[in-house]
Amino acid sequence: MGMRLSTLLVAACCLASLAHELPADQPAAEHGWPQWRGPLATGVAPRANPPLEWSEEKNLRWKVALPGKGHSTPVVWGDRLFVTAAIPYGDPVEPSAAAPEGAHDNLKVTRRYEFVVMAIARDDGRILWRRTVHRALPHEMGHQTASLASASPSTDGERVFAFFGSYGLFALSVDGELEWSVKFGRMHTKHGHGEGSSPALHGDTLIVNWDHEEGSFVAALDTKTGKERWRVDRDEVTSWATPIVVEHAGAKQVIVPGTQRLRAYDLATGTVIWECAGLSANIVASPVADKGMVYAASSYTTRALLAIRLAGAKGDITGTEQVAWRRSRGTPYVPSLLVSNGALYYLGHYQGVLSRIDARTGEDRPGKFRLPSIGNVYASPVSAAGRVYITDRDGTTVVISDEDQPRVLAVNQLEGTFSASTALVDGELYLRSADSLYCIIEEAPEEVRPRRGSTLARVAGEVTFEHSFRLVVQP
């Protein structure tokens, strides 16, 4: 049946190699999903080995209904998950009449909302506690596909940080007690399409990206007190991208994309280290970093993907050799980048065309291919155990192998609408729909067995599927 013994080693080798790339200050976080894009801020779960197949009846540990609405990704630490939501309450109000210039497909403000943080038990999905941190009549509801709880929470195992943009940043103990809160004012987003950037957590520092149409800035806060360590004004308009923190040559840099410039700030002082032009307006996708390189992308008025070499990056590096390579086609709009196993993955705009390229050189490896059964994608791709998971808004998740010639390993389907990104922890996979949270786990260990796979092949610029039996390790 054409089985190859090397396939047996794919998952184990991937886990071993990724383990050596873990930051030294994240011994506990590496086993969880502590913030947006996971423990490495790359979309990779280095210790996880999640299921390959599932449905509403198969490999489902539990499914729980969630109140309200939220597109935020669940974060996981120890025996619990933390999620946020915005829940309408009280009598309806008269719909708001005013709308920002250029507004389209927006929801009208017709209800008051309470902004809620919840802790959920990993073993059975019980809601351990629920805390309302704020109540308000929103000044804008956002696009019809948005939510008032789109920023993902984060946790350091002692506190949970929940960010609701205009409605505040809140730090709670893992038992649900409010420790501090900060208000930054009212955000006015482009077209009134809503808010969504998540704070970046690094050690005892939280980074907040406050890019909107009036008075943008980036700020660093102390996680214990909520006090600002620094704030730097930004000549930028609305973006929804979450910053990342990268350590290079002993220095920690805060990477924040923007319409005018992609910038790196010193984590300790806020001083701009380097900047680079070339992205578009309406930046949503978060950047990633790996092995001394930073990757940032956009796809709105301009398709752009920049690969920045950190060694020697100082001042304005636009058009210099510090830009190792760039691409101007098929770049992502809503889903963020994924860097895994030396490859960079990204979806075209928010459709089901995935590119896999060499992260160091930008060369095709193998390039673009269309994913089967995938439509519009808002969730960002994630990776674990030699596999990549891509979930679309209709609840379809395609699982492909993380290798130079990717194979389709499974196509899974759940009910509902999915905008939140997946969290991968241990042998579990957590998916959040518009109204439910799923815990997917292998029902019972299985022996290695032959499974029918689909090799993704490029032929004269097109993709075909070469069906064959390949040996796949079941988790």
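Go through (1) in a loop (DSSP other than H, G, I, E, B); (2) buried (at least 20 other Cβ atoms within 10 Å of the Cβ) one by one and return the number of the condition Thr301 breaks.
Failed condition: (2).
To keep it simple, each residue is scored yes or no on (1) of a type in the set (Asp, Glu); (2) buried (at least 16 other Cβ atoms within 10 Å of the Cβ); (3) touching a residue at least 60 places away in the same chain (Cβ under 8 Å); (4) outside any loop (DSSP other than H, G, I, E, B).
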| site | (1), (2), (3), (4) |
| --- | --- |
| Ala220 | no, yes, no, yes |
| Thr225 | no, no, no, no |
| Thr238 | no, yes, no, no |
| Gln253 | no, yes, no, yes |
| Ala264 | no, yes, no, yes |
| Ala285 | no, yes, yes, no |
| Ala297 | no, yes, no, yes |
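Here's a check for you: in the range 369-379, which residue that is buried (at least 17 other Cβ atoms within 10 Å of the Cβ) and not small (Gly, Ala, Ser) is farthest from Thr73 (Cα to Cα)?
Phe369
Please verify whether Val408 is farther than 22 Å from Ser433 by Cβ, touching a residue at least 12 places away in the same chain (Cβ under 8 Å) and either aromatic (Phe, Trp, Tyr) or in contact with a Ser or Thr (Cβ under 7 Å, 6 or more places away or on another chain) (or both), treating the condition exactly as stated.
Yes: the conditions hold for Val408.
If Ala171 satisfies all but one of (1) surrounded by 22 or more Cβ atoms within 10 Å (Cβ to Cβ); (2) in contact with a Leu (Cβ under 8 Å, 6 or more places away or on another chain); (3) part of a loop (DSSP other than H, G, I, E, B); (4) of a type in the set (Gly, Ala, Ser), what's the number of the condition it fails?
With respect to (1) surrounded by 22 or more Cβ atoms within 10 Å (Cβ to Cβ); (2) in contact with a Leu (Cβ under 8 Å, 6 or more places away or on another chain); (3) part of a loop (DSSP other than H, G, I, E, B); (4) of a type in the set (Gly, Ala, Ser), Ala171 is out only on (3).
Does Val245 satisfy the criteria of being touching a His at 6+ places or on another chain (Cβ under 6 Å), modelled with pLDDT of 95 or more and surrounded by fewer than 23 Cβ atoms within 10 Å (Cβ to Cβ)? Show your work before the answer.
Details: touching a His at 6+ places or on another chain (Cβ under 6 Å): yes; modelled with pLDDT of 95 or more: yes; surrounded by fewer than 23 Cβ atoms within 10 Å (Cβ to Cβ): yes.
Yes, satisfied.
Of these, Ala249, Ala304, which one is in contact (Cβ under 8 Å) with a residue 40 or more places away in the chain and either of a type outside the set (Val, Ile, Thr) or in contact with a strand residue (DSSP E or B) (Cβ under 7 Å, 6 or more places away or on another chain) (or both)?
The unique qualifying residue is Ala249.
So in the range 26-67, with the set limited to residues that are in contact with a Pro (Cβ under 7 Å, 6 or more places away or on another chain) and on the phi > 0 side of the Ramachandran plot, which one is surrounded by the fewest Cβ atoms within 10 Å (Cβ to Cβ)?
Looking at the filtered set, the residue picked out is Asn59.
For the range 131-168, which positions are aromatic (Phe, Trp, Tyr) and assigned to a helix (DSSP H, G or I)?
Let us first name the residues in the range 131-168 that are aromatic (Phe, Trp, Tyr), namely 161, 163-164, 167.
Once the filter is applied, which keeps residues that are aromatic (Phe, Trp, Tyr) and assigned to a helix (DSSP H, G or I), the range 131-168 yields only Tyr167.
Does at least one position in the range 233-247 carry a residue that is over 23 Å from Leu40 (Cβ atoms) and out of contact with any Asp or Glu (no Cβ under 7 Å at 6 or more places or on another chain)?
yes
In this structure, does Asp358 turn out to be among the acidic types (Asp, Glu), surrounded by fewer than 20 Cβ atoms within 10 Å (Cβ to Cβ), closer than 25 Å to Ile244 by Cα and touching a strand residue (DSSP E or B) at 6+ places or on another chain (Cβ under 6 Å)?
Considered against the rule, which asks whether it is among the acidic types (Asp, Glu), surrounded by fewer than 20 Cβ atoms within 10 Å (Cβ to Cβ), closer than 25 Å to Ile244 by Cα and touching a strand residue (DSSP E or B) at 6+ places or on another chain (Cβ under 6 Å), Asp358 comes out as yes.
Restricting to the range 367-420, name every residue that is among the basic types (Lys, Arg) and closer than 26 Å to Gly196 by Cβ.
Let us first name the residues in the range 367-420 that are among the basic types (Lys, Arg), namely 368, 370, 387, 393, 407.
Listed by number, the list holds a single entry, Arg393.
With the range 344-439 as the region, which strands (runs of 3 or more DSSP E) entirely inside it contain at least 2 residues that are closer than 30 Å to Arg309 by Cα and at pLDDT 95 or above?
Output list reads 353-358, 364-370, 382-384, 387-391, 396-401, 423-425.
Going by the structure shown, is Glu195 out of contact with any strand residue (DSSP E or B) (no Cβ under 6 Å at 6 or more places or on another chain), surrounded by 17 or more Cβ atoms within 10 Å (Cβ to Cβ), free of Cβ contacts under 8 Å to residues at least 60 places away in the same chain and under 26 Å from Trp230 (Cβ atoms)?
The answer is yes for Glu195.
The values are calculated or read from the model by the stated rules, or taken from the named source; none is laboratory data. Nothing here was measured: the structure is a model prediction, and the numbers come from that model. Here the Cβ is made from the backbone with ideal geometry for all residues, glycine too, and neighbour counts use every protein chain on show.
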